[in-house]
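A.B. asks: Have a look at this one before I ask anything.
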Amino acid sequence: MKSYVKKLSLIIATSIAISSFTFNASADVEKSKEIFIKARQERCIEGYENLLLTFEENGSKEIDYPDEFAGAYFDRESGKTTIYLTDIEKSGYYDDFFPKSIIEFKEVDYSLEELTTVYQLLSENMVEENISIVSIIESSNSLEVSVESDRDKSNLMDFLESKGYEIDMIRFTENSAPLKLDSNYTETENSASKSSSTNYAYTGDALKASLYGSVISVGTIGANAYNPNTNQYGVITAGHIGSDSTFSSYYNSSNVLMNNGSSIISMFSGECDAAFIPFNSTNTFLSTTQLKNSGISSCVYKKQYILSPAMLGIEVVKYGATTGQKRGIITSLSTSIQYNNNTVITDVIRYEMERAGGDSGAPMGIENNAGLYIMGIHSGGTGNICYATKYNNIEDELGVIILSAT
């Protein structure tokens, strides 16, 4: 009997060792693949940024895409970027910017200019045509559209045909109602860590406000910023939070007053769902480019200066006051959304990621060893589909400068 027990113990121990080895080997493979994909992702973005420079109009920073160009997409499985063209014979021009091992070409029907023209038309008529979401999807060379009912589909087709546009570029997704905002006006414990220093309002940390005498969590701090017109420093968050007249003042996550409810610049329309809340209380606040969320205290943030179609499919990170650090992928860089108050926000980033109320205003972007490269701030979403206002639209519309680590 004792001999059997020893043998059994040996078998169990060996099994555990083998399982542990298999697990570690599997983890090492996954880690190696992640490093491989991220390296290719960075190489593709670098190559595409160099390509974009050749599309600029006489150094004006305005991009004029060639007639044959139809977009690009990064495949996270293969680590390759696909360039979509309406004329595959012109692919030779693009070869010089990418190693041949990470690029491939596909011929499609519609140029990016054609897709953009119809996208802009639909964005301007979302309320009238009962459109909830419209996105340019380069990977399928189409416009994805969600309307409120089946009847709206036929009405929209008639509308496009009356304007002389081809309807084959439209792909209807599941019907949906206008979106709800990701606000969370309750005093609940969130996953973002409270600031260790009371005179900072850290990016990625909770933003609080005073409502009927109570200090409650209302969203997330998206970045620190500077207003050159008023010589004030402050924070960026979602516009639907900054424009809420029921809030009498704003606080950092440690309940330290940073704004008494005045001089706020807020926009919740057009290309911008963002607000600038200046530090104007008697408490002295210091600006910072440090991010704090769920115990992360050493991550700095910078601005991602170029947003390009080649970023479709890449991994991004969001730091929400409710959900913490979450990862997902970009699915569109040109989306328009309608909220349930008939507000339409255009030119937002669409990405797949976990979200929850209280994440409004959260910074999202590309992350590497140097920190987070902010692309925009979270606005809202439905299910695991999220939407973010681009930071360059925030700067243009609010007249502020988002601070960036050097």
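The values are calculated or read from the model by the stated rules, or taken from the named source; none is laboratory data. Keep in mind the model is a prediction, meaning the values are calculated, not measured. A quick note on method: Cβ atoms are made from the backbone with ideal geometry, for glycine too, and the neighbour counts reach across all protein chains shown. Only protein heavy atoms, including side chains, enter the accessible area calculation; ligands, DNA and RNA are left aside. Shrake-Rupley method; radii C 1.70, N 1.55, O 1.52, S 1.80 Å.
A.B. asks: Quick one: SER336 ticks every box in (1) open to solvent by less than 50 Å² (accessible area, probe 1.4 Å); (2) modelled with pLDDT under 95; (3) over 21 Å from SER217 (Cα atoms); (4) assigned to a strand (DSSP E or B) bar one, so which box is it?
C.D. replies: (2)
A.B. asks: Output the residue which, of all residues in segment 75-110 that are assigned to a loop (DSSP other than H, G, I, E, B) and modelled with pLDDT of 95 or more, is most open to solvent (accessible area, probe 1.4 Å).
C.D. replies: Going through the qualifying residues, I end up with ASP109.
A.B. asks: Name, by its number, the condition in (1) of a type outside the set (A, V, I, L, M); (2) open to solvent by less than 50 Å² (accessible area, probe 1.4 Å); (3) in a strand (DSSP E or B) that does not hold for PHE285.
C.D. replies: Looking at each condition in turn, PHE285 falls short on (3).
A.B. asks: Yes or no: LEU53 more than 29 Å from ILE37 (Cβ to Cβ) and of a type in the set (A, V, I, L, M)?
C.D. replies: no
A.B. asks: Something else about it: State which residue is modelled with the highest pLDDT when the search covers only segment 38-63 and only residues that are part of a helix (DSSP H, G or I) and of a type in the set (S, T, N, Q).
C.D. replies: Per the stated criteria, the residue is ASN50.
A.B. asks: Let me spell it out: the conditions are (1) open to solvent by less than 40 Å² (accessible area, probe 1.4 Å); (2) assigned to a loop (DSSP other than H, G, I, E, B); (3) modelled with pLDDT of 85 or more, and SER210 meets all of them except one. Which number is the exception?
C.D. replies: (2)
A.B. asks: Something else: Touching a residue at least 40 places away in the same chain (Cβ under 8 Å) and out of contact with any Cys (no Cβ under 7 Å at 6 or more places or on another chain), is that true of PHE247?
C.D. replies: Values: touching a residue at least 40 places away in the same chain (Cβ under 8 Å): no; out of contact with any Cys (no Cβ under 7 Å at 6 or more places or on another chain): yes.
In short, no.
A.B. asks: Which members of segment 246-272 meet the condition of being β-branched (Val, Ile, Thr) and assigned to a strand (DSSP E or B)?
C.D. replies: ILE265, the sole residue that qualifies.
A.B. asks: Could I ask something else about it? Looking at this structure, is PRO66 at pLDDT 90 or above, over 21 Å from GLN304 (Cα atoms) and open to solvent by less than 100 Å² (accessible area, probe 1.4 Å)? Don't jump to the end; show me each part of the working.
C.D. replies: Working: at pLDDT 90 or above: yes; over 21 Å from GLN304 (Cα atoms): yes; open to solvent by less than 100 Å² (accessible area, probe 1.4 Å): yes.
So PRO66 passes the test.
A.B. asks: Another question about this same structure. Look through GLY376, GLY371, GLY357, GLY383 and report the one residue that is over 9 Å from the mean Cα position of the chain (by Cα), open to solvent by less than 10 Å² (accessible area, probe 1.4 Å) and small (Gly, Ala, Ser).
C.D. replies: On inspection, the qualifying residue turns out to be GLY371.
A.B. asks: Does segment 310-325 contain at least one residue that is more than 24 Å from LEU403 (Cα to Cα) and open to solvent by 30 Å² or more (accessible area, probe 1.4 Å)?
C.D. replies: Among the residues of segment 310-325, not one is more than 24 Å from LEU403 (Cα to Cα) and open to solvent by 30 Å² or more (accessible area, probe 1.4 Å), which makes the answer no.
A.B. asks: Counting only residues that are over 20 Å from SER294 (Cα atoms), part of a strand (DSSP E or B) and either among the aliphatic types (A, V, I, L, M) or open to solvent by 10 Å² or more (accessible area, probe 1.4 Å) (or both), how many does segment 232-245 have?
C.D. replies: Taking segment 232-245 first, the residues over 20 Å from SER294 (Cα atoms) are 232-234, 238-245.
Still in the running and part of a strand (DSSP E or B): 232-234.
Subset that is either among the aliphatic types (A, V, I, L, M) or open to solvent by 10 Å² or more (accessible area, probe 1.4 Å) (or both): 232-233.
So the answer is 2.
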